[in-house]
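What follows is a set of notes on a single structure, which appears directly below.
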Amino acid sequence: MLHRQLMPVTAATLIKQLVAGDSVKVNRLSESLRKLAQISSLQGLVVAVIVKEWIEQQEAFDRDGHYLLGLAQELFTEFGLAANPASRELLGGLKGSSKAAKAAKLILGLEEQPTVNRRAAITELIENRLARCQEELA
């Protein structure tokens, strides 16, 4: 984060590099992100956006990609998110009965829609920004 602002593209790029370089185990990374998402609605939405950006940056999914795709499916459902058209094309290319293909199929079935959890996350974000403004004015 730079100047206390979220930079999901930067975070997603970092995840892509870590996964590609075998610097971290994808299952452990996925579990860490899942735990982070459970802290609050806002944290959950932040992780969802980061994972969405990660999917958008992919050219193909490696054999452990199903861990992050499974997390994406959970978070997209919780926050009413959907894959963008370019991601949908890539996800649609995953065929068969693999875990990645199953997660991709579930993601492709999701549509962008408002949810209670997304509303709670946005409310939390607004409250945090208002509190920050009040601190700066004091």
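Against the condition surrounded by 21 or more Cβ atoms within 10 Å (Cβ to Cβ) and either more than 25 Å from ASN27 (Cβ to Cβ) or modelled with pLDDT of 90 or more (or both), how does ALA104 come out, does it pass? Taking the combined requirement at face value, the residue satisfies it.
If the condition is being crowded, with 22+ Cβ neighbours inside 10 Å and of a type in the set (A, V, I, L, M), then segment 34-45 contributes ALA37, LEU45. When segment 83-94 is limited to residues that are at pLDDT 90 or above and surrounded by fewer than 16 Cβ atoms within 10 Å (Cβ to Cβ), the one that is nearest to the chain's Cα centre (by Cα) turns out to be ASN84. If you go through segment 51-65 and keep only what is assigned to a helix (DSSP H, G or I), basic (Lys, Arg) and closer than 23 Å to SER97 by Cβ, you end up with nothing. Scanning segment 46-76 for residues that are surrounded by fewer than 18 Cβ atoms within 10 Å (Cβ to Cβ) and of a type outside the set (D, E, K, R) yields a count of 2. Residues in segment 107-138 that are more than 24 Å from GLU56 (Cβ to Cβ) and acidic (Asp, Glu) were compared, and the one that is surrounded by the most Cβ atoms within 10 Å (Cβ to Cβ) is GLU124.
The values are calculated or read from the model by the stated rules, or taken from the named source; none is laboratory data. Predicted, not measured: the structure shown is a model, and the values here were computed from it. In this analysis, Cβ positions are derived from the backbone assuming ideal geometry, glycine residues included, and neighbour counts consider all displayed protein chains.
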